[in-house]
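Student: Sharing a structure with you now.
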Amino acid sequence: MPRNLKPLGALVGKGNLMPKKTRQHDTIVVLDYGSQYSQLIARRVREANVYCELYSWRTQPETIMALNPKGFILSGGPNSVYDEGAPTLPSYVLDSGVPVLGICYGMQLLAYRLGGTVGHSQKREYGPATLKIDETDNLLFQNWQLSDELDANGKHFQQVWMSHGDKVEALAPGFHPIAHSGNSPFAAAVDPERHYYSVQFHPEVVHTPQGKVVLENFVRQICGCQPDWTPANFIEEQVVEIRQQVGDGRVVLGLSGGVDSAVAAGLLHKAIGEQLVCIFVDHGMLRKNEALQVIETFGREQGMNLIAVNAVEEYLEALDGITEPERKRKIIGEKFVRIFEREANKLGKIDFLAQGTIYPDVIESAGKDKKDAHVIKTHHNVGGLPDDMDFELVEPLSLLFKDEVRRIGTELGLPDSIIWRQPFPGPGLAIRCLGEITWERLETLREADDIFVEELRKATMLKHGTQQSFAVLLPVKSVGVMGDNRTYQEVIALRAVTTEDFMTADWARLPYDLLAHVSRRIVNEVPGVNRVVLDITSKPPGTIEWE
Ligand code: XMP
């Protein structure tokens with residue numbers, strides 16, 4: 001078997017490399033106790049330009065202490081400290097002598113461990129709560145913008161987000177309260193001697209509008225971290241690192257048109273120019289004009305070595321008569337590997353395979369504590385790397401969250417149309433074209449989708465009203481009437497969601513007039529469609545895609 005044939009399963013899977021970085025940044029470690037918001041904490045810290053990594057609370061102390069953390073944040077989690085086998089606070093955290101911030105379960109854990117009392121409750125407090133800051137000059141609350149709203153006693157109050165069952169009932173020795181809420185006398189507490197901070201509310205979520213300030217104060221003022229985690233620094237460091245890793249070798253990268261592979265390509269191109277070859281496989285299931293845009297942007301504008309493969313016929317043939325979604329996914333994934341291999345083999349000697357793996361993929365494949373987390377996200381495209389891999393992997397984005405990838409892309413000069421595009425599944429329109437996949441049905445879907453997206457853009461809804469929005473073609477025909485004729489045609493479903501992280505989502509409340517206009521245009525302009533419906537299901541229990 002030619003050596004190029006071996007590793008390509010990786011292209012539909014994700015790497016399992018732990019991130020590495022050249023320069024030593026001041027580092028904050030978030031210990032994950034299974035909250036669905038744990039990644040958000042790390043993102044917020046990074047937004048304050050401070051480097052931060054997320055690890056399970058079970059991680060070996062040596063791994064964590066090798067990072068030389070300047071502070072720890074203990075996340076929330078679904079457990080009670082009294083549960084049998086409940087996650088614990090490892091001693092090295094307290095022994096390290098650096099500041100610690102406990103959030104929700106993290107707060108309870110700190111209290112429990114240090115001699116306070118946690119009250120057990122069956123009832124959860126979930127949702128917005130009113131915070132009263134008692135020690136406004138505490139470092140944790142510096143720059144907290146007091147809202148204009150006043151309570152019945154004429155005092156300012158602040159909205160925070162609570163999500164807990166148990167709560168601290170007696171603080172540990174050395175702690176005193178610095179904020180309270182109606183339900184929690186200890187909504188925030190501090191031990192100033194030992195630099196231990198704790199909050200019952202969730203500063204990381206958007207429903208705590210000033211929460212970012214709390215996290216920023218903790219990492220910058222209290223832990224003293226330098227704000228040197230910036231796009232420009234990252235690019236500079238990665239360019240050096242990529243050049244070191246690759247030397248004068250050649251790198252091949254599968255360009256999908258999505259943000260991650262695009263930014264990985266941009267970064268590699270900056271570092272090694274002509275040594276990078278990008279392969280773009282057009283499987284015919286992209287959105288309208290997408291293939292052209294990829295070729296235009298990467299080949300012409302960015303001047304990259306780009307091989308564009310038109311594999312539409314091949315895919316349609318392989319998918320002929322297939323209606324079952326998992327089969328569609330499988331066929332598309334396998335075909336991609338084969339086509340990629342074929343093209344890569346034509347290139348002669350290739351030494352490295354680059355992938356747009358990002359930090360959340362690394363965290364998930366590195367064995368995040370599924371036992372503790374209430375896992376909501378289903379894993380798409382995760383295949384893992386084959387053991388007999390021959391190529392060395394280059395994964396320059398493996399330290400980054402999605403929003404950071406976008407910032408790097410912008411800094412690299414990639415167009416907004418690529419950087420800000422919505423997530424698009426690897427198998428593309430195949431999973432939005434329910435039932436049989438034919439070129440005609442794909443074209444129908446493409447046209448309807450294009451109208452929807454164009455109207456959303458015109459109404460500035462793409463930026464502000466929805467994070468993901470698309471059309472779905474249903475395998476259902478229904479009767480309609482057009483002019484004097486009865487019609488018997490297919491149905492388009494419109495799906496638009498608002499979401500922070502794509503793990504949970506709500507349906508976007510789009511204006512009726514906009515929906516009416518989109519529906520009118522689709523039925524009038526797209527042949528074969530006589531009915532448009534709107535999906536008003538949240539996730540859970542629904543999913544974002546239909547399939
Ligand atoms: P669901 O439908 O599970 O989707 O709510 C959550 C997010 O994942 C995207 N998605 C995929 N992404 N390959 C991908 O790369 C896939 O097969 C796939 N299926 C769903 C989906 O668009 C949404 O953003």
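Student: Kindly indicate whether A493 is within 15 Å of the ligand (Cβ to nearest atom), out of contact with any helix residue (DSSP H, G or I) (no Cβ under 9 Å at 6 or more places or on another chain) and assigned to a strand (DSSP E or B).
Tutor: yes
Student: Another question about this same structure. Return yes or no: is G85 part of a loop (DSSP other than H, G, I, E, B), modelled with pLDDT of 90 or more and more than 30 Å from D26 (Cβ to Cβ)?
Tutor: So G85 passes the test.
Student: I've got another one for you. Give the residue that is farthest from the ligand (Cβ to nearest atom), with candidates limited to residues of the stretch 458-489 that are in a strand (DSSP E or B) and touching a helix residue (DSSP H, G or I) at 6+ places or on another chain (Cβ under 7 Å).
Tutor: Step by step, filter the stretch 458-489, then rank; the result is L473.
Student: Would you please name the residue that is surrounded by the most Cβ atoms within 10 Å (Cβ to Cβ), looking only at residues in the stretch 167-198 that are within 13 Å of G119 (Cα to Cα) and of a type outside the set (A, V, I, L, M, F, W, C)?
Tutor: Looking at the filtered set, the residue picked out is S184.
Student: For V394, only one of the following conditions fails: (1) β-branched (V, I, T); (2) surrounded by 16 or more Cβ atoms within 10 Å (Cβ to Cβ); (3) within 27 Å of G528 (Cα to Cα). What is its number?
Tutor: Against the list (1) β-branched (V, I, T); (2) surrounded by 16 or more Cβ atoms within 10 Å (Cβ to Cβ); (3) within 27 Å of G528 (Cα to Cα), V394 comes up short only on (3).
Student: Has the stretch 277-299 got any residue that is within 16 Å of the ligand (Cβ to nearest atom), free of Cβ contacts under 8 Å to residues at least 12 places away in the same chain and over 25 Å from Y359 (Cα atoms)?
Tutor: Taking every residue of the stretch 277-299 in turn, none turns out to be within 16 Å of the ligand (Cβ to nearest atom), free of Cβ contacts under 8 Å to residues at least 12 places away in the same chain and over 25 Å from Y359 (Cα atoms).
Student: Working carefully through the options E455, E440, find the one that is in contact (Cβ under 8 Å) with a residue 12 or more places away in the chain, outside any loop (DSSP other than H, G, I, E, B), touching a His at 6+ places or on another chain (Cβ under 7 Å) and over 17 Å from E500 (Cα atoms).
Tutor: Sole residue among the options that is in contact (Cβ under 8 Å) with a residue 12 or more places away in the chain, outside any loop (DSSP other than H, G, I, E, B), touching a His at 6+ places or on another chain (Cβ under 7 Å) and over 17 Å from E500 (Cα atoms): E455.
Residue by residue, here is whether (1) closer than 23 Å to P203 by Cα; (2) touching a strand residue (DSSP E or B) at 6+ places or on another chain (Cβ under 6 Å); (3) part of a loop (DSSP other than H, G, I, E, B) holds:
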| site | (1), (2), (3) |
| --- | --- |
| N49 | yes, no, yes |
| L54 | yes, yes, no |
| L89 | yes, no, yes |
| Y92 | no, no, no |
| L101 | yes, yes, no |
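Student: Whether any residue in the stretch 301-314 is at negative phi, assigned by TED's automatic domain parsing to the domain that holds E395, in a loop (DSSP other than H, G, I, E, B) and among the hydrophobic types (A, V, I, L, M, F, W, C) is what I want to check.
Tutor: Yes - at least one qualifying residue is present in the stretch 301-314.
Student: Now for a separate question. Residue check: is G428 within 16 Å of the ligand (Cβ to nearest atom), touching a residue at least 40 places away in the same chain (Cβ under 8 Å) and within 26 Å of Q302 (Cβ to Cβ)?
Tutor: Spelling it out, G428 is indeed within 16 Å of the ligand (Cβ to nearest atom), touching a residue at least 40 places away in the same chain (Cβ under 8 Å) and within 26 Å of Q302 (Cβ to Cβ).
The values are calculated or read from the model by the stated rules, or taken from the named source; none is laboratory data. Predicted, not measured: the structure shown is a model, and the values here were computed from it. Cβ atoms come from the backbone with ideal geometry, glycine included; neighbour counts cover every protein chain shown.
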